[in-house]
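The values are calculated or read from the model by the stated rules, or taken from the named source; none is laboratory data. These numbers were taken from a predicted model, which means no experiment stands behind them. Ideal geometry is used to build each Cβ from the backbone, glycine not excepted, and the neighbour counts take in all protein chains shown. Please note that ligands, DNA and RNA were not included when accessible areas were found on the heavy atoms of the full protein model with its side chains. Shrake-Rupley method; radii C 1.70, N 1.55, O 1.52, S 1.80 Å.
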Amino acid sequence: MKEILAGHGSGGRLMNDMIEGTIRNILGPRSIQLDDSAVIESVTGKIAFTTDSYTVTPLFFPGGDIGSLAVNGTVNDLAVMGAEPKYLSCSLIIEEGFTFTELERVLLSMKKAADHAGVSIVTGDTKVVPKGGADRIFINTSGIGIFRGPLLRGEIKPGDRIISSGTLGDHGITVMSMRNGLEFSSDVRSDCAPLNRMIKAVAEKYPHAVKFMRDATRGGAASVLNEIVKDRNFSALVYEEKVPVKDEVAGICSLLGLDPLYVANEGKVILICDESYAEGIVSAMRTFEEGSSAEIIGTVEDKNPGKVYLETFIGGRRILPLLTEEQLPRIC
Amino acid sequence: MNRELTKKLAQRLRNRELKRPLRIMEVCGTHTVQFFKTGVKNLFPDGLELIDGPGCPVCVTENSYLDLAIETAGKYNAIVTTFGDMIKVPSSYSSLAREKARGMDIRIVYSPMDALNIAENNPGRETIFLSVGFETTAPAEAVTILEAMKRNLKNFSVLSGNKVTPPAVRALLEAGETKIDGFILPGHVSSIIGRAPWEFISEEFRLPGVISGFNSMDLVTGVITLLDLIEQGETETVNGYREAVREEGNRSAIGIIEKVYDRSDALWRGLGRIPMSGLEIKDTYSAFDTEKKLPAQAPPAVEHGGCRCGDLLRGLIIPPQCPLFGKTCTPENAVGPCMVSSEGPCSAYYRYGGGI
Amino acid sequence: MCLAIPMEIIKVNDTTAVALLKGVETEVNSMMTPGLKVGDKVLVHAGFIIEKLDPKAAEEIEKAWREYDEILERNEARGM
């Protein structure tokens, strides 16, 4: 099997062959500019600009891979602000010995995800590091989005509703099961998806209703809510019974002692809006596949400001704290 | 679980008027966490206090155990396999998480059998499994030793820190330092050992106890049963978890424990040396006993200054009464194991207990 | 350290079995529960079945608590 060698990062012919023959061939001729920068037609008004690096073990998992993750993650970071994602960069850090077959698979997946989300990969870079210098492949993508509507931010007030665009924990549970060599046969898959179309539809239908939106990636929904309430004069109350979780995900969570509210998602947003728009926004989300399990999961309150808490089905309440790090499978 | 009935009973618990303030103790880390997580603790009537006993195996494990694990793994360049619960627990001078960052090969397993498979896939290196747990976990660890023998694995051994729970409850009651009105007894430990081994609580110490499961219904009904017993002056040991606990326990599981382990004295954090409370790997299986197979000498253990985990595990204080709690001791920077173990009482109070 | 989860047995092998929970199947060690049958409800801890569950006992317990609640309700209705 053909492998990537140190020489592929040396700036010589091997590198040119890889860029021409593999990367530009798959991502398209505009993807990696031969000059020093990509030149973009002038855009007017506000833009959103973001960057994110991606590393995941395993690289390939049901529902996605590091390539689709790197595109969708950055697309979603732009979309949740209200921007329309347009241009991405793609920077690859490859460990010596990574195979061309795997690289091609990752690039094809990036291309497919970019086409699906309607964004162009316009610039990029490739570095090869010695064996052990990286874990197979790291990808950084930066993205530019253009505002055609309002910024999706507003003043959050007690009484506002908290919406989850769908079932929580799917991505994290998928990779965690694989990473820990856990042999669960079930059709759990990552929710990795671009959310820009769904978000645009919501923003167009309810232009000034959305007060906050964030994709609930690392740390899960509970961490996003903690970021929202931190140092603010309101709190977030989540109703345990309303939180959408797939049966299989709930099953694996209970086996591993994990809480789905803290598990990563790659295709879900937490949204806060005025009470009067909440039902409408949920209905609008549900017309999209990626929002088909959207639910109102909680309320903004003025009691216990700065805290996120959960009401269990028997009516007891407890804090949903900001965890210090990723949850580990446990048997306690 | 019948959710409607659970809701009704939870309201009954909440509205109950106690005749006098009561202190009940649970002795299972999973109970510590579940009382918070289900919200049942939040529905306790006024005057009812739940104190946490020595029910978290990670918490009651002395520093010397982890010290020895780290020393041995370093000396023999071994792969360390452990349940996730142990990874951040501070040892005298380090922790597994810190050693991992420094390059020690530490792997989290879900089942002890996974550790066995890691040994099989790394034939050139020793694999040590850190076996910590009570009666619930001990038979699984014993089966793993039997399986290692069957597969004739030469590079796998177990560092046993296993303990049994009734002697610790006895030690606590004999010390008589803390006033307890009754016990919520551990459901899954009892699945293995049965109801009978807990009867000494009633017979010798004249206190009631209720073996309880872990879902909302189990916890609510367990507490109601215990309050009824206390207020009626009864001192029975009631099995409130009959679907999973037999009078005589799981005889096969007990047989497996007895096949592989001998009872021995063991050190408990806070409680000191408790007679016949440990499980020591029998000589027959010494080829799989890390302490015998890979001798090592850890530097003298030191305790962390000011940490009151020991008092906590004896039921003398609740976490917020420790001067370090939430100040110098937090989950990010834990001084004692009770703050870092996922089922440690301090960690549970810190995570879920903030006033709401 | 005693998180154990109720699951249902869908396949029985020699010393292992396949257990099901909410669509999730996983292989578990069954050495502590001889005589296991497909359809049995079990408790799984760290990849091992630690005990068979007794669904009849569960029903009885629930019934007893329903009666407990009803008795208290009747007493309350009578103003006791």
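Key figures
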item	result
C-alpha long axis of helix B:63-76 to longest principal axis of chain B, angle in °	20
Percent antiparallel among DSSP beta bridges (both partners in the protein assembly as shown, rounded to 5)	60
Inter-chain Cβ neighbour average for residues A:252-265, partner chain, 10 Å	3
5 angstrom amide H check on B:VAL238, placed H, neighbours 5+ away	B:GLY209, B:VAL210, B:ILE211
Label-zone membership for region B:223-238, site B:GLU199, 7 angstrom Cα→C-beta point, backbone N under 19 Å	B:234-238
Translational D in µm²/s for region B:88-245 (Stokes-Einstein at 4 °C, 1.567 mPa s, Kirkwood Rh from C-alpha pairs)	71
Buried solvent-accessible surface, both chains (A, B), 1.4 Å probe, Å² to nearest 100	2700
Kirkwood-type radius of region A:6-147, with distances r between different C-alpha atoms, in Å	15.3
Other-chain or far-sequence residues with amide H under 5 Å of A:GLU84's (modelled H)	A:ILE146, A:PHE147, A:ARG148
Other protein chain Cβ atoms within 10 Å, averaged over every residue that makes up C:36-49	5
Label-point separation, B:ASP105 to A:ARG30 (7 Å along Cα→Cβ), nm	4.9
³J(HN,Hα), Karplus 6.51/-1.76/1.60, whole Hz, each residue of region B:322-334, x for Gly, Pro	7, x, 8, 4, x, 9, 7, 10, 9, x, 6, 9, 7
Straight-distance crosslink candidates among aspartates and glutamates, where the alpha carbon sits under 15 Å from B:LYS327 and sequence neighbours closer than 8 are dropped	none
Interatomic Cα distance distribution for region B:253-312, bins of 5 angstrom, percent	4, 14, 16, 19, 20, 13, 9, 4, 0
Proximal aspartates and glutamates relative to A:LYS200, as straight alpha-carbon distance under 15 Å, when same-chain residues fewer than 8 apart are discounted	A:ASP77, A:GLU84, A:ASP215, A:GLU289, A:GLU290
Kirkwood Rh and Cα Rg combined as Rg/Rh, chain A	1.00
13 Å cut-off, amide nitrogen to a point 7 angstrom out along A:PHE100 Cα→Cβ, residues in region A:6-22	A:8, A:14-22
Rounded to whole Hz, the Karplus (6.51, -1.76, 1.60) HN-Hα couplings of region A:258-273, x for glycine and proline	10, 10, x, 5, 10, 8, 5, 10, 10, x, 9, 10, 9, 10, 10, 8
Two-site label geometry, A:ARG148 and B:LYS19: point separation in nm, points 7 Å out along Cα→Cβ	7.4
C-alpha center-to-center spacing [region A:136-172, region A:189-241] in angstrom	6
Prolate/oblate/rounded call for the protein assembly as shown, Cα gyration tensor, a/c under 1.5 rounded	oblate
222 nm mean residue ellipticity, helices alone, for the protein assembly as shown (DSSP H n ≥ 4; -39,500 (n - 2.57); rounded to 500)	-9500 deg cm²/dmol
Gap separating the Cα centres of region B:14-69 and region A:20-38, nearest whole Å	61
For region A:85-125, projected area of the alpha-carbon convex hull averaged over all directions, nm²	2.9
Accessible area of region A:161-319 belonging to carbon and sulfur atoms, whole % at 1.4 Å probe	44
Translational diffusion coefficient (Stokes-Einstein; Kirkwood radius from C-alpha pairs) of region B:64-159 at 10 °C, 1.306 mPa s, in µm²/s	119
Cα-based Rg of region A:161-319 normalised by 2.2 N^0.38 Å, two decimals	1.02
Distance in nm between pseudo-label sites at B:ARG98 and A:ARG218 (7 Å out along the Cβ direction from Cα)	2.3
Per residue value of the accessible surface for chain B (all protein chains in place, 1.4 Å probe), Å²	36
Sites A:LYS127 and A:GLU41, calculated FRET efficiency, Cβ-Cβ separation with R0 30 Å, nearest 0.05	0.55
Tensor-based shape of chain C (alpha-carbon gyration tensor, a/c under 1.5 rounded, otherwise prolate or oblate)	prolate
Heavy-atom accessible area, 1.4 Å probe, ligands and nucleic acids excluded: residues of region B:87-126 down by at least 50 Å² from chain alone	B:LYS88, B:ILE108, B:TYR110
Accessible area that becomes buried as C packs against A, both chains, 1.4 Å probe, Å², nearest 100	1200
Helix axis angle, C:55-77 relative to chain C longest principal axis, alpha carbon, degrees	20
Calculated over region A:234-321: convex hull of Cα atoms, volume per residue (Å³)	117
Carbon and sulfur %, accessible surface of chain B computed with the full protein complex present, 1.4 Å	48
Candidates per chymotrypsin sites (Phe, Trp or Tyr not before Pro) in region B:167-213, loop by DSSP, up to 11 other Cβ within 10 Å	none
Loop-located trypsin sites (Lys or Arg not before Pro) in region B:73-115 whose Cβ has at most 10 other Cβ within 10 Å (DSSP)	B:ARG102
Cut-off under 5 Å, modelled amide H: who pairs with B:THR330 long-range	B:VAL335
Per-residue mean of C-beta atoms belonging to partner chains within 10 Å, peptide B:4-17	3
Total lysine pairs whose alpha carbons fall under 26 Å of each other in region A:6-147 (8 or more apart, or interchain)	6
Qualifying trypsin sites (Lys or Arg not before Pro) for region A:3-64 [loop in DSSP, other Cβ within 10 Å: at most 10]	none
For region A:195-255: rounded, prolate or oblate by the Cα gyration tensor [a/c cutoff 1.5]	oblate
Cross-link reach list, lysines versus B:LYS37, counting only Cα pairs under 18 Å and skipping chain neighbours closer than eight places	A:LYS242, A:LYS307, B:LYS7
